[in-house]
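This report refers to the structure that appears directly beneath it.
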Amino acid sequence: MLTRYAIFEGRLVPGTEQDFRRVVINRLVPMWRQFAGQTGLRITFGLERDEGAPEYPLILAITYPDRATMLAALDYPVRLESRAATQAAIAGRFEGRIHHHVTEMLDFPA
């Protein structure tokens, strides 16, 4: 399995934290859930970090069964729509950059 992360590196504009969460959950998550072939979607909102560590107010993780499925999902129309919606959602709320990382997941149950 592969997980593609969108890491929001930067900071939220002071006073917009709750609005940012609301917009992500209510507007963006429904779009992200429609990505073709995904087998799981997780979002995490940053709460604390080590002193001097970069700030990540949001990390989006979408899991796919394989690379072909992930690549097909990247061309899916709702993904392209979600990019514009993400830009609109973060405008005035988030200052920073978004970068993506693809990881291979190995699972070792307890």
Spelling it out for Leu58: with amide H atoms placed in the peptide plane at 1.01 Å from N, the residues 5 or more places away or on another chain with amide H under 5 Å from its amide H are Phe8, Gly46
For the chain, find the longest principal axis of its Cα atoms and tell me its angle to the long axis of helix 77-90, 0 to 90°, nearest 10. 10
Please name which of Ala61, His100, Gln38 has its Cα lying farthest along the dipole of the chain towards the positive end, using unit charges on Cβ (Lys, Arg +1; Asp, Glu -1) and the Cα centre as origin. Gln38
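No lab work stands behind these numbers, since they all come straight from the coordinates. If you're wondering where the values come from, they're calculated on a predicted model, not measured in any experiment. All Cβ positions, even for glycine, are placed from backbone atoms using ideal geometry, and neighbour counts span all protein chains on display.
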